[in-house]
Every structure is written in structure tokens, then in C-alpha cells.
Amino acid sequence: MIKKINVSLNKDLRERYGVRAFPITKGDLVKVKSGKRKGEGGKVSFVDHSEKGIQVEGINIAKADGKEKQFLIRPEKLVITKLDITDERRLERIKEIATIKHKDLSAIEKEALEQKKEAEEQEKAESETMQEAEVVDDNDSVSEPAGAEDSELPKDDEMDLEDEKDEEEDTEEENVEDEIRKEEDSNDNQE
């Protein structure tokens with residue numbers, strides 16, 4: 001069984017939920033409270049239970065090849081500034097603790113609804129961005145020649161026709177150049 005990693009809550013969250021520490025999950029907002037990165041913070045991107053470390057978006061380390069990568073931060077160096085309570089099981093656990101500690105449940109439920117709305121809006125915005133990107137990719141993939149919209153030929157056939165036209169034009173130019181050379185040669189021979 002995997003042991004959950006508990007991280008301390010900041011003073012505001014302690015008062016609101018009535019708990020000193022809570023298991024951390026992806027999506028929580030944290031701040032580094034000690035070490036070289038003190039004061040930096042961000043959203044939890046990964047929790048490694050076997051190594052007992054947490055990766056935070058925006059807190060990276062430079063590698064020898066110049067690239068940056070996220071690294072694991074020890075849980076005792078972090079403090080949770082915002083709990084992600086969009087998960088029903090997590091919300092129920094917070095409510096249980098708050099009930100025992102005689103905290104206001106309506107405020108917790110209101111906060112959970114706000115977080116769910118934010119998550120839905122963010123998901124909707126991301127999906128719209130993805131759809132716009134797909135539309136742009138579809139429009140930029142092949143440039144159509146003028147008048148190609150009305151054509152009944154598949155795009156590959158249209159491109160083959162264009163290639164054939166280019167080859168015919170090249171052949172005509174070569175024939176004209178050959179005729180000019182022949183005339184010049186015949187004029188030189190006559191003199």
C-alpha cells in the first residue's frame with residue numbers, strides 16, 4: 001500500500017479547514033518554505049510516492065546540456081496554499097474534518113463549486129484552443145491553386161496536373177531554344 005504524502009497547510013487553510021496537514025495531490029498550489037528555492041511556488045504536477053518527492057510546475061533545474069527539467073522537492077520544504085477540492089472523495093474528507101472541528105461547511109462547499117467551475121472553464125478554453133489549432137493546421141496543410149475549390153478532382157490529381165503543365169511548359173521552352181540554335185547554326189554554315 002502506498003503511503004500518502006502529507007504536506008502542511010498555510011495558516012489561512014488551517015483556520016478554514018481545521019487541519020494542520022493534508023495529503024498532497026496533483027493540482028494543489030504550493031509554496032517552497034525553505035531551501036534555495038524559498039518563496040517560489042506553483043501547481044503540483046506530479047507526486048512521487050516511492051521517492052517521497054513532489055514536482056512543481058515552474059520550479060526547474062538546469063541540466064548539463066542546457067535543457068531544464070523539473071525535480072523532486074521534499075514535502076517538508078513545502079506548504080500548501082490552495083487545496084484542489086474538485087475530487088469528491090477529497091471534499092468529503094475535508095467536510096468530515098471540518099465537522100469535527102466545528103468549521104463552516106457552507107464556505108467549503110461554496111469554494112468547491114467555484115473550483116469546479118474554474119476547472120470546467122479552463123477545460124473548455126483548452127478544448128477551444130485545440131479545435132482552433134486543428135482548424136489552422138487543416139487550412140495550412142495544402143495550399144490550393146486558384147479555382148481548385150470548384151474542381152472535382154482529388155487534390156493529389158490536381159497536383160499531378162499542375163506538375164504535367166509545368167513539364168509541358170519546360171518542354172516548349174526547350175523546343176524553342178533548340179530551333180533558335182538550329183537557325184543560328186544554319187546561318188553560320190551559309191556564311
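The values are calculated or read from the model by the stated rules, or taken from the named source; none is laboratory data. These figures come from a predicted structure and were not determined experimentally. Cβ sites come from the backbone with ideal geometry, for glycine too, and all protein chains shown count toward neighbours.
Could you please let me know if residue 73 is in contact (Cβ under 8 Å) with a residue 60 or more places away in the chain and either under 14 Å from residue 13 (Cα atoms) or hydrophobic (A, V, I, L, M, F, W, C) (or both)?
No; evaluated as a whole, the condition is false for this residue.
Between 124, 95, 103, which is modelled with pLDDT of 60 or more and not in a helix (DSSP H, G or I)?
Criteria check complete, one pass: 103.
Please go through (1) within 14 Å of residue 5 (Cα to Cα); (2) in a strand (DSSP E or B) for residue 45 and return the number of the only condition it doesn't satisfy.
Of everything listed in (1) within 14 Å of residue 5 (Cα to Cα); (2) in a strand (DSSP E or B), residue 45 misses just condition (1).
Can you confirm whether segment 60-78 contains a residue that is in a strand (DSSP E or B) and buried (at least 18 other Cβ atoms within 10 Å of the Cβ)? Step through it out loud before you land on a result.
Going residue by residue through segment 60-78, those that are in a strand (DSSP E or B) are 60-62, 68-70, 73, 78.
Then keep just the ones that are buried (at least 18 other Cβ atoms within 10 Å of the Cβ); that gives 73, 78.
For segment 60-78, residues in a strand (DSSP E or B) and buried (at least 18 other Cβ atoms within 10 Å of the Cβ): present.
If we scan segment 48-70, do we find a residue that is in contact with a helix residue (DSSP H, G or I) (Cβ under 9 Å, 6 or more places away or on another chain), of a type in the set (Val, Ile, Thr) and closer than 17 Å to residue 5 by Cβ?
Looking through segment 48-70, at least one residue is in contact with a helix residue (DSSP H, G or I) (Cβ under 9 Å, 6 or more places away or on another chain), of a type in the set (Val, Ile, Thr) and closer than 17 Å to residue 5 by Cβ.
Considering (1) farther than 20 Å from residue 103 by Cβ; (2) not in a strand (DSSP E or B); (3) not β-branched (Val, Ile, Thr), say which one residue 15 fails and leave the rest.
Exception for residue 15: condition (1).
For segment 9-21, which residues satisfy the criterion of being in contact (Cβ under 8 Å) with a residue 60 or more places away in the chain and in contact with a helix residue (DSSP H, G or I) (Cβ under 8 Å, 6 or more places away or on another chain)?
Passing the criteria: 9, 16, 17, 18, 19.
What are the residues in segment 77-92 that are under 16 Å from residue 4 (Cβ atoms) and touching a residue at least 40 places away in the same chain (Cβ under 8 Å), if any?
78, 80, 83, 84, 87, 90
I'm told residue 2 meets every condition in (1) surrounded by 18 or more Cβ atoms within 10 Å (Cβ to Cβ); (2) aliphatic (A, V, I, L, M); (3) out of contact with any Lys or Arg (no Cβ under 7 Å at 6 or more places or on another chain) except one. Can you identify the failing condition by its number?
(1)
Can we say residue 54 is in a helix (DSSP H, G or I), β-branched (Val, Ile, Thr) and surrounded by 14 or more Cβ atoms within 10 Å (Cβ to Cβ)? Step through it out loud before you land on a result.
Values: in a helix (DSSP H, G or I): no; β-branched (Val, Ile, Thr): yes; surrounded by 14 or more Cβ atoms within 10 Å (Cβ to Cβ): yes.
Taking the combined requirement at face value, the residue does not satisfy it.
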